[in-house]
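Peer 1: My questions will all concern the structure given below.
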Amino acid sequence: MKSDQMSSAGPWLPLFMQLQDQAVLVIGGGIEAQRKINRLRKHGAVIDVVAAALNAEMQSLHAQQALRWLGAELPVTASGYRLMIVAEHNAELKAQALAYARHNGVLVNAVDDPANCSAILPAIVDRYPITIAIGSGGAAPELARKLRSQLEALLPQWIGPLAQLSADLKQRIRARLPQSAQRRQLLHWLFTGPPARHMSQGRAELARRALEQALADPALPQSGSVALVGAGPGDPELLTVKALRLIQEADVIVHDALVDERILDYARRDAELHDVSKRGGRCAFPQTDIHALLLQAAQAGQRVVRLKGGDPMVFGRGGEELQFLRRHGIDLEVVPGITAAAGCAAYAGIPLTHREHAQSVRLITAHGRHSVDRLDWRALAQERQTLAFYMAVACIDQVQKQLLAHGLSPATPVAMVENGTRPQQRVMVGTLGQLADLAHAHALQSPAMVYVGEVAALAAQLGWYGDAPLTDSKLSEQMAAA
């Protein structure tokens, strides 16, 4: 094909090369050559090196007979070499090596010199036996490495062992299921069903056992699962990698009001979304109905994500849901999220602990009058600690009254973070004596976190996200003007 007729795919054909017990010639004895050798050794290559001298690590490999040093002269013939790596700064030796490769018809990779390469070593994501190679034809190697890093984060380590399990039982699968449609169904179940979940939870033997049982009875059971997943305080980029993967794979997502809509956009377009929010203090969707919904979907063989704002095990009733699902024998897992106390404080510039101000932090729910009445206010009014109140907007006056009544100074710093980590985040900073007035003056709305303690004052100095905090001095001016 003429160059002007070249496909838009470009001149480089991605190709995996078998290097186990194959000879590779490396030119160079410095750090670049060493890095290539370390990579070649992972793939079982037999390595010869041409260099005037070897660095310390390569000398050690030579002493261990992990490579063969041929000195500074190229071999008479390149017969038997599958690949040459030229990682040599000496211009004369490099030119000789490149001419030698061309003359002998050996594929050559010249480090940082794509114009003289007939082979390129791509950036690799290794989940053996699954391997992903990313190349740019030498045009943008840094971008290829960046893409590799992103894929490394997205692909869990257990993908490789799961693929190996499929390979180990490949012949049995083919013998038991001669029809390709049946095999595809089984493999889909293998890579998305119970074996995959067992492998992701570090239970490789259970994964193998589940596959062997399925081969004994190819009528695959309807085996669903429920994952309790923390969506974090709002910002979608605060999701864990595992949470994102489960959201994208879910057949059913049961979510609450605190889950940011941008996170729900990650769901498959054909996934069922169930909003079970409890808004304005009203329990429109009782917890018993949530239990029934989770159970029904899992028993129908669906992959269910119970998606909760923050962390599902911190004031999220996750424990109750786990107990219910466990009693009914449902396969389950928990993916923690960044709880609102930590996420909102971080975005507001509030360290929850600080050597000079607070040695402990308390996470407190102030949801409803009965919760407030049951709190140990005497313990909460102690100094040198940080109090982080969840769901306190509706009873902010009571929180202020109780802390003052039990001896906490009116001058104690406070901060309120509304819609923390989201674009509409607002931060209000003042003192305990001004807490309720500050909240009412700025019409504090849920969701919001309330922080009490010396560290709260640091928001005025350390806040980095969104608008500058509304301070007590601004409140005083507004109240005086009113």
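All of the numbers you see were taken from the coordinates with simple rules; none came from a lab. Bear in mind the structure is a predicted one, so any value in this text is a computation, not a measurement. Cβ atoms come from the backbone with ideal geometry, glycine included; neighbour counts cover every protein chain shown.
Peer 1: Starting from 0.36 nm per residue, how many nanometres of slack lie between residue 379 and residue 216 once their C-alpha separation is accounted for? Numbers along the way, then the final one.
Peer 2: Details: separation 163, 0.36 × 163 = 58.68 nm, distance 6.05 nm.
Extra length available between residue 379 and residue 216 comes to 52.6 nm.
Peer 1: Taking the Cα centre of region 332-482 as the origin, how large is its charge dipole in debye, to the nearest 20, when only Lys and Arg (+1) and Asp and Glu (-1) carry charge on their Cβ atoms? Could you put the intermediate results ahead of the total?
Peer 2: Details: 10 positive and 12 negative charges, 39 e Å.
Taking the Cα centre of region 332-482 as origin, the dipole is about 180 debye.
Peer 1: Give me 412, 131 sorted ascending by neighbouring Cβ count inside 10 Å, so fewest comes first.
Peer 2: Details: 412 20, 131 12.
By the 10 Å Cβ count, ascending, the order reads 131, 412.
Peer 1: Report, for the chain, the % of DSSP beta bridges that are antiparallel, rounded to 5. Present the calculation step by step, with values, prior to reporting the outcome.
Peer 2: On the way: 22 of 62 bridges.
Here the share of antiparallel DSSP bridges comes out near 35 percent.
Peer 1: Using all C-alpha to C-alpha distances in the chain, build P(r) with 10 Å bins and read off the rounded percent in each one.
Peer 2: 4, 15, 18, 16, 16, 15, 10, 5, 1, 0
Peer 1: Kindly put 253, 350 in sequence by how many other C-beta atoms sit within 10 Å of each C-beta, fewest to most. Could you put the intermediate results ahead of the total?
Peer 2: Details: 253 25, 350 29.
With the fewest neighbours first, 253, 350 line up as 253, 350.
Peer 1: Let me ask another. Placing +1 at every Lys and Arg Cβ and -1 at every Asp and Glu Cβ, with all other atoms neutral, what dipole size does the chain have around its Cα centre, in debye to the nearest 20? Please list the in-between numbers first.
Peer 2: Numbers: 48 positive and 45 negative charges, 291 e Å.
Dipole about the Cα centre, nearest 20: 1400 debye.
Peer 1: Could you order the peptides 430-438, 371-379, 105-113 from most to least packed, using the average number of other C-beta atoms within 10 Å per residue? Before the final figure, lay out the partial values.
Peer 2: Values: 430-438: 20.8, 371-379: 13.7, 105-113: 17.1.
Put in order of decreasing packing, that is 430-438, 105-113, 371-379.
Peer 1: Sticking with this one: Label points 7 Å out from Cα along the Cβ direction at residue 57 and residue 241: separation in nm?
Peer 2: Taking the two extended label points, one gets 2.3 nm.
Peer 1: Which is farthest toward the positive dipole end of the chain among 346, 364, 44, measuring Cα position about the Cα centre, with Cβ charges +1 (Lys, Arg) and -1 (Asp, Glu)?
Peer 2: 44
Peer 1: Which peptide among 233-245, 88-100 comes first, and what is the full order, when sorted by highest mean count of other Cβ atoms within 10 Å?
Peer 2: 233-245, 88-100
Peer 1: How far apart, in nm, are two points set 7 Å out from the Cα along the Cα-to-Cβ line at residue 181 and at residue 436?
Peer 2: 7.1 nm
Peer 1: Starting with the fewest neighbours, write out 24, 414 ranked by other beta-carbon atoms found within 10 Å of each beta-carbon.
Peer 2: 24, 414
Peer 1: Using a Förster radius of 60 Å, what is the FRET efficiency between residue 398 and residue 139 based on their Cβ-Cβ separation? Nearest 0.05, please. List each step's numbers first, then the result.
Peer 2: Details: r = 64 Å, r/R0 = 1.06.
With a Förster radius of 60 Å, E is 0.40.
Peer 1: Among the listed pairs 36/94; 146/170; 36/170, which are separated by more than 26 Å between their Cα atoms? Don't skip to the end; give the middle numbers.
Peer 2: Working: 36/94 16 Å; 146/170 34 Å; 36/170 34 Å.
Correct reply: 146/170; 36/170.
Peer 1: Per DSSP helix of 4 or more residues, -39500 (n - 2.57); summed, then divided by the residues of the chain. What does that give at 222 nm, rounded to the nearest 500? Could you put the intermediate results ahead of the total?
Peer 2: Values: 20 runs with 184 residues, N = 482.
Roughly -11000 deg cm²/dmol at 222 nm, from the helical runs in the chain.
Peer 1: Taking the Cα centre of region 191-331 as origin, work out the dipole magnitude from +1 charges on Lys and Arg Cβ and -1 charges on Asp and Glu Cβ, in debye rounded to 20.
Peer 2: Working: 18 positive and 19 negative charges, 60 e Å.
Charge dipole of region 191-331: 280 debye, to the nearest 20.
Peer 1: Still on this structure, please answer the following. Which whole-number percent gives the relative contact order of region 211-261, counting Cα pairs below 8 Å spaced six or more residues apart?
Peer 2: Rounded, it is 33 percent for region 211-261.
Peer 1: Rounded to the nearest Å, what's the spacing between the alpha carbon centres of region 141-181 and region 66-85? Just the number, please.
Peer 2: One Cα centre to the other: 35 Å.
Peer 1: Rounded to a whole number, what is D in µm²/s for region 166-266 from Stokes-Einstein with the Kirkwood radius over alpha-carbon pairs (25 °C, 0.890 mPa s)? Each step should come with its number before you reach the end.
Peer 2: Details: Rh = 15.5 Å.
Translational diffusion coefficient: 158 µm²/s.
Peer 1: How far apart, in nm, are the 7 Å Cα→Cβ label points at residue 169 and residue 76?
Peer 2: For the pair residue 169/residue 76, the computed spacing is 5.6 nm.
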